[in-house]
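Below is one structure, written out as structure tokens; comments come after it.
The values are calculated or read from the model by the stated rules, or taken from the named source; none is laboratory data. Predicted model, so just to flag it, every value in this text is computed and none were measured. For neighbour counting, all protein chains shown are included, and Cβ atoms are generated from backbone atoms with ideal geometry for every residue, glycine included. Please note that ligands, DNA and RNA were not included when accessible areas were found on the heavy atoms of the full protein model with its side chains. Shrake-Rupley method; radii C 1.70, N 1.55, O 1.52, S 1.80 Å.
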Amino acid sequence: MPSVSTIAQAEEVRKTSPEQAIPLYQSILAVAATGMNDQETALLKLAQCYRDLHRPNELAALIHDSRTLITSIPKAKTAKIIRTLIDYFSEIPNTLPLQIDVCKQTIQWTIQEKRIFLKQALETRLVALYLDNKMYSDSLALIATLLKELKKLDDKMVLVEVQLLESRVCHALRNLPKAKAALTSARTSANAIYCPPLLQAALDMQSGILHAEEKDYKTGFSYFYETLEGYSSLEDARAISALKYMLLCKVMLNLSDDIQSILNSKVALKYRGVEVEAMKAIASAHQNRSLQEFEQALAAYRDELGHDPIIRNHLASLYDKLLEQNLVRVIEPFSRVEISHIAEIIKLPAQQVESKLSQMILDKTFLGVLDQGAGCLVVFEETPVDKTYDSALDTMKNMANVVESLYEKASKLT
């Protein structure tokens, strides 16, 4: 058939020059006599060319123009094609706003065509896009509408995805109780159906993140290990994030020695790279209790450590803890010491040291005052608590009980 040879030719050209393959795929789509399967193939291949050449506007136009073709394809296949076309946007950088617009337009088209299941699948995708674009209020509004519809239709699979997204949105808004409640609902819904490995790994990932937020790093580590195995078996790129979170949990648990054995495991070996080296540098700095090494690691691996909000939040907490430990160790021999001297020893700006010391005094980490006029820290010795007053109060309370008891007995005799 001529169309088959044309697709084969276009595929050969695409391997060397995607730019030159575009007119060939367009000609296949333009010929009405071409077989339906060939047109579907040409549509997806043309979209891949636009994706590889980073042409988001052309890809958006293709999705819009292909609706006539899509209406003649069976509905089950239509949903898969549209989702695939929209997913191609995610591989083109800085296209989130355009992706959201295309998704909204396609949802309007599904409403006109009365394709309810495709509409719900696209709305679920739109919630994820809102989350990536930090449009949290829009996400929650759409989630509320979706949950009502899905509970009526009893579509458990999509319901699990939406509840998981709700948990992620609430976590991003730092509403941990609601994030936990949404995740529990997602797990309950998942137990009633067969949960695909990819979705199960996503549930485990969110469980690990929420346990880590509650400082339960041991349980968090277990969930991240399950996530790593799940994503690794499917060759999913998110496996590296699960491995990083596992290493983070070990650092937070002061078990940096275990990191090398984790990295030598069969599952983790194929993910060795810059991101893993970044976590090793953090673990080494924490093990040495060195603020300077910690800051050097943060500076050297800014992209790997700073772009992930989960790692960034926990490292900020770890840095704070490390700074406190270093300050307590430095001021321990002194009863009065200049702030500039502490800053010199710890190799940090005096202003930052002063601010941290005042916070530690308020938190009662140690007893002392800041003499800002002299630029000094005055440390007091902890005075032993006098228990005489408490003991006297306990004695008087017991005596009152005895007197009341005797009074009740005397009143019975009269």
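Data overview
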item	result
Evaluation of residue 259 against (1) part of a helix (DSSP H, G or I); (2) modelled with pLDDT under 90; (3) open to solvent by 30 Å² or more (accessible area, probe 1.4 Å) (one fails), failing number	(3)
Residue 323 being surrounded by 12 or more Cβ atoms within 10 Å (Cβ to Cβ), of a type outside the set (Val, Ile, Thr) and in a helix (DSSP H, G or I)	yes
Which numbered condition residue 90 misses (of (1) buried (at least 20 other Cβ atoms within 10 Å of the Cβ); (2) among the hydroxyl-bearing types (Ser, Thr, Tyr); (3) within 25 Å of residue 135 (Cβ to Cβ))	(1)
Residues of segment 335-377 satisfying the condition of being over 24 Å from residue 290 (Cβ atoms) and among the basic types (Lys, Arg)	336, 364
Where a residue in segment 260-272 is free of Cβ contacts under 8 Å to residues at least 24 places away in the same chain and its partner, wherever it lies, is among the aromatic types (Phe, Trp, Tyr) and open to solvent by less than 80 Å² (accessible area, probe 1.4 Å), with Cβ under 9 Å and at least six apart	263/271
Helices (runs of 4 or more DSSP H) wholly inside segment 332-414 containing at least 1 residues that are exposed (fewer than 10 other Cβ atoms within 10 Å of the Cβ)	350-362, 388-413
Check on residue 111, over 27 Å from the mean Cα position of the chain (by Cα), closer than 25 Å to residue 135 by Cβ and loosely packed, with under 14 Cβ neighbours inside 10 Å	yes
Tally of residues being surrounded by fewer than 16 Cβ atoms within 10 Å (Cβ to Cβ) and aliphatic (A, V, I, L, M) across segment 267-320	5
Top-ranked residue in segment 232-246 [being over 15 Å from the mean Cα position of the chain (by Cα) and surrounded by 16 or more Cβ atoms within 10 Å (Cβ to Cβ); ranked as modelled with the lowest pLDDT]	236
Flag if residue 20 is out of contact with any Leu (no Cβ under 8 Å at 6 or more places or on another chain), part of a helix (DSSP H, G or I) and open to solvent by 60 Å² or more (accessible area, probe 1.4 Å)	yes
Residues (buried (at least 19 other Cβ atoms within 10 Å of the Cβ) and modelled with pLDDT of 75 or more) located in segment 30-39	39
Residue 320 vs. criteria out of contact with any Pro (no Cβ under 6 Å at 6 or more places or on another chain), under 22 Å from residue 289 (Cα atoms) and of a type in the set (D, E, K, R)	yes
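Results for (1) among the aromatic types (Phe, Trp, Tyr); (2) within 18 Å of residue 202 (Cβ to Cβ); (3) open to solvent by 50 Å² or more (accessible area, probe 1.4 Å), shown as yes or no for each residue.
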{"site": "102", "(1), (2), (3)": "no, no, no"}
{"site": "121", "(1), (2), (3)": "no, yes, no"}
{"site": "129", "(1), (2), (3)": "no, yes, no"}
{"site": "134", "(1), (2), (3)": "no, no, yes"}
{"site": "145", "(1), (2), (3)": "no, no, yes"}
{"site": "149", "(1), (2), (3)": "no, no, yes"}
